[in-house]
Every structure is written in structure tokens, then in C-alpha cells.
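The values are calculated or read from the model by the stated rules, or taken from the named source; none is laboratory data. Everything numeric here is computed off the predicted structure, so don't read it as measured data. Cβ atoms come from the backbone with ideal geometry, glycine included; neighbour counts cover every protein chain shown. Quick note on the areas: whole protein, heavy atoms, side chains included, nothing else; ligands and nucleic acids left out. Shrake-Rupley method; radii C 1.70, N 1.55, O 1.52, S 1.80 Å.
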Amino acid sequence: MSTAGRVGGASALKPNASLPELQQAFRDADAPELTAIVGVHDGEILGPAWLRNGAVLTMRLCGMRGWCGKVFRSATANGDTLDGENLVRRDGRSEPSIPMRARMGPSRVDGRPAIVLSYPADAQFPWSRVTDELRPLDDQTLLGLSFGVPLGPRHGTPFLLRRVKGTG
């Protein structure tokens with residue numbers, strides 16, 4: 001997952017970037033490697049203030065109050081999927097929340113490879129219907145888009161994941 005030489009990369013993204021800018025950054029990102037995301041990643045919602053503020057409320061209402069990132073732990077025997085969990089902040093520390101599975105698949109944005117995250121069929125609404133897509137911006141940073149989040153943008157709610165040093 002080496003896009004460190006890319007002009008701009010993660011350092012060029014601003015948390016309040018416009019949706020078209022974030023969607024273009026996702027389209028411009030290189031194809032990911034599934035195993036390169038193993039580890040703990042701090043997360044933040046990106047986009048205009050209305051979206052970032054609304055996403056905090058939506059996450060709270062949908063059972064993921066205090067969302068702060070994701071962790072990817074293990075690969076299946078044949079290495080085609082990773083298991084992981086969302087992380088939420090409770091009493092000043094990160095705790096696992098809704099589980100997920102990561103696999104390679106075509107992005108709904110442009111059909112190119114992306115890491116696609118799915119949630120269990122029995123997960124709390126709306127997570128059983130949500131999918132996330134990830135692409136690397138550099139060796140430590142992933143740009144994500146969440147599809148299916150209530151009141152989220154049709155082309156995905158953008159978020160950033162930054163690897164926590166020493167985890168992966």
C-alpha cells in the first residue's frame with residue numbers, strides 16, 4: 001500500500017474539504033492491498049461542517065455513539081477477508097463496537113478495486129445495510145466512503161482512517 005509518493009496524498013486533504021474534492025481523492029487513490037490494513041486506525045468524518053456535525057448525531061442515533069475508528073485483526077485461512085470492528089470511545093478509552101468483514105471488491109464509485117467492508121445481517125439498523133469502501137492515500141492513511149447511512153450523501157459519507165503507530 002505505497003502511495004506515499006503521490007502528489008498531495010493525505011496531507012493535502014482538509015477535514016472540511018468539499019464532497020466533490022473528497023470523491024475525486026477517492027477516485028485518484030491507488031488500488032489497496034487487503035493485508036496492508038491490519039492494525040488499529042483512528043477515524044474522523046470528513047466533509048463540510050453540516051455533514052461532519054450531522055454524522056456525529058447520526059452515529060449516536062444508530063448505536064455507534066463516540067465512533068473513533070476501526071481495527072482489522074485477522075485474515076481467513078485463504079487470506080481473502082479480514083475481520084474487524086468499529087471502535088467507539090467510552091470513558092476515555094476505545095472499545096470494540098459493531099463487527100465487520102473486509103474483502104476486496106469493485107468500488108461503486110468507479111468499479112476499480114477497493115476494500116469493501118460489510119456488517120453482519122443481524123447488526124443494529126442501519127449497519128446491516130451499510131457498506132464502507134476504503135482506498136489508501138499513503139502508507140498510514142485510508143480514505144473511506146460509507147454507503148447506506150441514513151441522511152448521508154448519495155455518493156458516500158467520507159471518512160479518514162489513520163493507522164495508530166505500532167499496530168500493524
Would you call Val149 under 14 Å from the mean Cα position of the chain (by Cα), farther than 22 Å from Val40 by Cα, aliphatic (A, V, I, L, M) and surrounded by 15 or more Cβ atoms within 10 Å (Cβ to Cβ)? yes
Can you name the residue in the range 127-152 that is more than 15 Å from Gly84 (Cβ to Cβ) and hydroxyl-bearing (Ser, Thr, Tyr) and, of all such residues, is modelled with the highest pLDDT? Thr141
Inside the range 62-87, the number of residues satisfying the requirement of being in contact with a Pro (Cβ under 8 Å, 6 or more places away or on another chain) and of a type outside the set (D, E, K, R) is 5
Given the condition open to solvent by less than 20 Å² (accessible area, probe 1.4 Å), closer than 21 Å to Glu133 by Cβ and modelled with pLDDT under 90, answer yes or no: does some residue in the range 8-28 qualify? yes
The lone condition Ile98 fails out of (1) out of contact with any strand residue (DSSP E or B) (no Cβ under 7 Å at 6 or more places or on another chain); (2) of a type in the set (A, V, I, L, M); (3) touching a residue at least 12 places away in the same chain (Cβ under 8 Å) is (1)
Would you point out which residue out of Thr131, Thr58 is without any contact (Cβ under 8 Å) to a residue 40 or more places away in the chain, farther than 19 Å from Ser18 by Cα and among the β-branched types (Val, Ile, Thr)? Thr131
Within the range 104-158, track down each residue that is under 24 Å from Pro15 (Cβ atoms), polar (S, T, N, Q) and not in a loop (DSSP other than H, G, I, E, B). Thr131, Thr141, Ser146, Thr157
I'm checking my understanding of the structure. Among residues of the range 62-93 that are on the phi > 0 side of the Ramachandran plot and outside any strand (DSSP E or B), which one is modelled with the lowest pLDDT? Gly79
Answer yes or no: is there a residue in the range 37-51 that is in a helix (DSSP H, G or I), modelled with pLDDT of 85 or more and closer than 18 Å to Val116 by Cβ. yes
Which numbered condition in (1) open to solvent by 40 Å² or more (accessible area, probe 1.4 Å); (2) in contact with a helix residue (DSSP H, G or I) (Cβ under 7 Å, 6 or more places away or on another chain) is the only one that Ile98 fails? (1)
Those residues that are under 21 Å from Asp122 (Cβ atoms), surrounded by fewer than 12 Cβ atoms within 10 Å (Cβ to Cβ) and in contact with a strand residue (DSSP E or B) (Cβ under 7 Å, 6 or more places away or on another chain), I need them from the range 45-90; list them, please. Ser74
Here are Asp110, Asp122, Asp138: which of them is acidic (Asp, Glu), open to solvent by 50 Å² or more (accessible area, probe 1.4 Å) and under 21 Å from Gln24 (Cα atoms)? Asp110
